[in-house]
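The values are calculated or read from the model by the stated rules, or taken from the named source; none is laboratory data. Keep in mind that what you see is a predicted model, and the values were worked out from it rather than measured. So basically every Cβ, Gly included, is an ideal-geometry build from the backbone, and we count neighbours across all protein chains shown. Protein only, heavy atoms only, side chains kept; ligands, DNA and RNA dropped before computing areas. Shrake-Rupley method; radii C 1.70, N 1.55, O 1.52, S 1.80 Å.
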Amino acid sequence: MDIIEFLQLSAGQWFSQRTIHNLVSGELQAGKSEVNVEILEKTNPTVIKLCEQHQTDPSVAQLVGLQINWNGTINREQVKDIGATMLIVIPNSDDPHQGRLLQDKGDGKSTNISGRYIMGSDDVLTFITESEDLYAEERFWYLMPNLRLRTSVVKRPLGFTLASFCSEIRRVKN
């Protein structure tokens, strides 16, 4: 599977269950979310804007945008977890199994984030984001077209590290 096929398979509505483990404090959290993933055309104004903010030509061949929205809760206290992010993947021309990753968290206060992706020969997609105060690695793979698994590790300075595991089931319309 290539990056385009993988992301197209991601489109739709998903039910996500996750467990988050703070590796320093030992605290565990559980959460669940409704996640909507929409493919964005490269002519979409928000795709063009994010590309321009990263000095990237939005007409680049094979550029793919995703709009991801989620609405969920964390822990038994039912703490709300609502958010959105836009991702753009830009395959390398010499190796389409790797490329750039542009991201906008959509919260109005964070700066745009860039990173990279690797599409493994085992059909596992890895997103890596690095900055002075963050290292994040997220891996996605499908057990079946309607069942996706995801793991992530987030590290910050001073030893703060989170690891998470998610199972995501596509909502199939009858």
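Could you check how much of the accessible area of region 75-174 is carbon and sulfur, as a whole percent, using a 1.4 Å probe?
Values: 3230 of 6190 Å².
The C+S portion of the solvent-accessible surface of region 75-174 is 52 percent.
Looking at region 33-112, which GluC sites (Glu not before Pro) are DSSP coil and have at most 12 other C-beta atoms within 10 Å of their C-beta?
GLU41, GLU77
Tally Lys/Arg at +1 and Asp/Glu at -1 over every other residue whose Cβ is under 10 Å from the Cβ of ARG148; what's the total?
That works out to +1.
Which aspartates and glutamates, on any chain, are close to LYS32 with Cα under 17 Å apart, when same-chain ones fewer than 8 places away are left out?
GLU77, ASP81, GLU168
For the chain, what does the relative contact order come out to in percent, with C-alpha contacts under 8 Å and a separation of six or more?
21 percent
Under the rule that an exposed site lies in a DSSP loop and has at most 13 other Cβ atoms within 10 Å, name the longest stretch of the chain with no trypsin sites (Lys or Arg not before Pro) of that kind, not counting the sites themselves.
Maximal segment without exposed cleavage sites: 1-75.
Using r as the Cβ-Cβ distance of SER131 and ASN75, and R0 as 35 Å, what FRET efficiency do you calculate, to the nearest 0.05?
0.80
Using r as the Cβ-Cβ distance of ILE4 and SER93, and R0 as 22 Å, what FRET efficiency do you calculate, to the nearest 0.05?
The formula returns an efficiency of 0.95 here.
For region 8-146, report the accessible area per residue in Å² (1.4 Å probe, heavy atoms, rounded to an integer).
Solvent-accessible surface per residue comes out at 58 Å².
Obtain the nm distance between the two label points defined at SER164 and ALA84 by a simple spin-label model: each point lies 7 Å from its Cα along the Cα-to-C-beta direction.
Result: 1.9 nm between the two label points.
On a full-extension model of 0.36 nm per residue, what is the gain between HIS54 and LEU143, subtracting their alpha-carbon distance, rounded to one decimal in nm?
28.6 nm is the gain from fully extending HIS54 to LEU143.
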